[in-house]
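J.: The structure is given below, and queries will be raised subsequently.
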Amino acid sequence: MKKTAKIVQYRVKLIAERRVSYATHGHPFASDHCRHSAEAAAIMHALLDDSDRERVAVLYLDSQSAPMGCEIVAVGGLSSCTVDVREIFKGAIVAGASAIVLGHNHLGGNPEPSDEDRDLTRAVRAAAKVIGIPLVDHLIVCRYLSKTGLEPMHFYSFADSGRLDLE
């Protein structure tokens, strides 16, 4: 008698959760493309600004650098967030993204990258090369407290700082 085994067949599907509106903060760029870090930072800021914890998000770009969608891939604590690199690319693969922008927030108001941020950039960049979905930038967004109160979007761009390829 011949034995048979069974496995489960899955179907992967993206489901739209919500629409994210974002301000351009007076930057002279088209809102339907992310060719500059400030454009992607505006979207990341809209995604992450209201959080009381660190979050990591991914912005999916099409072949024309237009945003296709975004996803929050990890939620951490007050001062750190652990994310598995494979979670960063799962949605990008399903969405058919041509490139990604990685972003996360710093609650303390200082957008300068930590050693952990640099390590994450290196790991994601290495995986991006293998998978074939380029990492265009890694952004750290935050608000900072000035003498006049909470200031608008402030961000650090690994690409603008020339550190995307060095990390």
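The values are calculated or read from the model by the stated rules, or taken from the named source; none is laboratory data. For clarity, every value in this text was computed on a predicted model and none was experimentally measured. Note that each Cβ is placed from the backbone with ideal geometry, even for glycine, and that neighbours are counted across all protein chains shown.
J.: Counting just the residues of the stretch 38-58 that are more than 9 Å from ASN105 (Cβ to Cβ), within 13 Å of the chain's Cα centre (by Cα) and of a type outside the set (D, E, K, R), which one comes out modelled with the highest pLDDT?
T.: This residue is VAL58.
J.: What number goes with the only condition from (1) surrounded by 14 or more Cβ atoms within 10 Å (Cβ to Cβ); (2) touching a strand residue (DSSP E or B) at 6+ places or on another chain (Cβ under 7 Å); (3) not in a loop (DSSP other than H, G, I, E, B) that GLU87 does not pass?
T.: For GLU87, the failing item is (1).
J.: Continuing with the same structure: So in the stretch 99-113, with the set limited to residues that are under 12 Å from CYS81 (Cα atoms) and part of a loop (DSSP other than H, G, I, E, B), which one is modelled with the lowest pLDDT?
T.: Only one residue tops the list, namely LEU107.
J.: Under the condition of being surrounded by fewer than 20 Cβ atoms within 10 Å (Cβ to Cβ) and assigned to a strand (DSSP E or B), which residue from the stretch 114-160 is modelled with the highest pLDDT?
T.: Result: HIS154.
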